[in-house]
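Worksheet for the structure shown next.
The values are calculated or read from the model by the stated rules, or taken from the named source; none is laboratory data. Just so you know, these numbers come straight off a predicted model, no measurement behind them. Cβ placement follows ideal geometry from the backbone for every residue including glycine, while neighbour counts extend to all protein chains displayed. The area values use the complete protein model at the heavy-atom level, side chains included, leaving out ligands, DNA and RNA. Shrake-Rupley method; radii C 1.70, N 1.55, O 1.52, S 1.80 Å.
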Amino acid sequence: MSLSVFIVALSFYLLLKEALKTVEKDFSERITLVSEHIKNGMVSLMLEGKGSDFNHYLSAEAIGEIKTIRLIKDDGLIIGSSSAQERGQQFPLESLELKDIRNTVKEFKPSEGLFSIFIPLRNEMPCKRCHNDDKELRALLVIDISSANYKSTVAGLKRKAFLYFIALLVLAGSIMWVVAGLFDKPLKEILKVIEHVR
């Protein structure tokens, strides 16, 4: 019995682990697509010479799970944000210095319930038509996405797995009880007859 419980528990654990990996991968792919969409929109505005419209663009894109979008200069100055109160404020430089600005960095902040994505906007050839400098990094795009849906999906999966596990244990226990009832009594009677004959 205990071996059966262990096998069932291990199977459920492995299935749950795989399901959680799939949910995490799906969420990661979704936030990557969202961040690429926002980045491409920003770059398009700049290339069209509509840089003055980017605050309106950022505000329009900050809907649903997307909580805040910021455009930050390399000195930490927030030059654009979906939140009007943040514009012109200083972003904590120490958090920027921790980022590898050569790549997109995803960071989970459980206490704030956010995934933050740091996307470097490089000073590429088209940018240099308007910006006359040789900086490697033009700005940093920071997108905060709520992790509430991700957390509720994970919690739902764990809850369902636990309930299915309990239901399976109850079912297995019931089957064993019925089987024991069917075979245990006749076996005991046979053993009594054998003992009596002996």
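The stretch 158-198 and the stretch 46-75 have Cα centres lying 66 Å from one another. Put a plus charge on the Cβ of each Lys and Arg, a minus charge on the Cβ of each Asp and Glu, and nothing anywhere else: the dipole of the chain about its Cα centre is then about 780 debye.
All other residues whose Cβ lies under 13 angstrom from that of Glu36 are scored, Lys and Arg at +1 and Asp and Glu at -1, for a net of +1. Heavy-atom accessible surface of Met176, to the nearest 10 Å², is about 90 Å², with a 1.4 Å probe and all protein chains retained.
If you work out Cα Rg over 2.2 N^0.38 Å from the coordinates, which of (i) 1.79; (ii) 1.22; (iii) 1.37 do you get? This structure yields the entry labelled (i). The relative contact order of the chain, computed from alpha carbon pairs under 8 Å that lie at least 6 residues apart in sequence, is 20 percent. Converting phi to 3J(HN,Hα) with the Karplus coefficients 6.51, -1.76 and 1.60 and the offset θ = phi - 60°, the stretch 62-75 yields 7, 10, x, 6, 7, 8, 8, 10, 10, 10, 10, 6, 5, 8 Hz in sequence order, with x at every glycine or proline.
If you roll a 1.4 Å probe over the heavy atoms of the protein chains, what accessible area per residue do you get for the chain, in Å²? It amounts to 67 Å² per residue over the chain.
Taking only protein heavy atoms and a 1.4 Å probe, the accessible area of the stretch 1-97 is 60% carbon and sulfur.
With a 1.4 Å probe and every protein chain kept in, tell me what percent of the accessible surface of the stretch 132-179 is carbon plus sulfur. Walk me through the numbers on the way to the answer.
Numbers: 2110 of 3060 Å².
Solvent-exposed carbon and sulfur of the stretch 132-179 make up 69 percent of the total.
If you run the Gaussian network model on the chain, springs between alpha carbon atoms under 10 Å, then out of Gly173, Gly88, Gly113 the most flexible one is Gly173.
Taking the stretch 1-31, which chymotrypsin sites (Phe, Trp or Tyr not before Pro) meet the DSSP loop condition and have no more than 10 other C-beta atoms within 10 Å? Write out the running numbers ahead of the final one.
On the way: sites: Phe6, Phe12, Tyr13, Phe27; in loops: none.
The qualifying sites: there are none.
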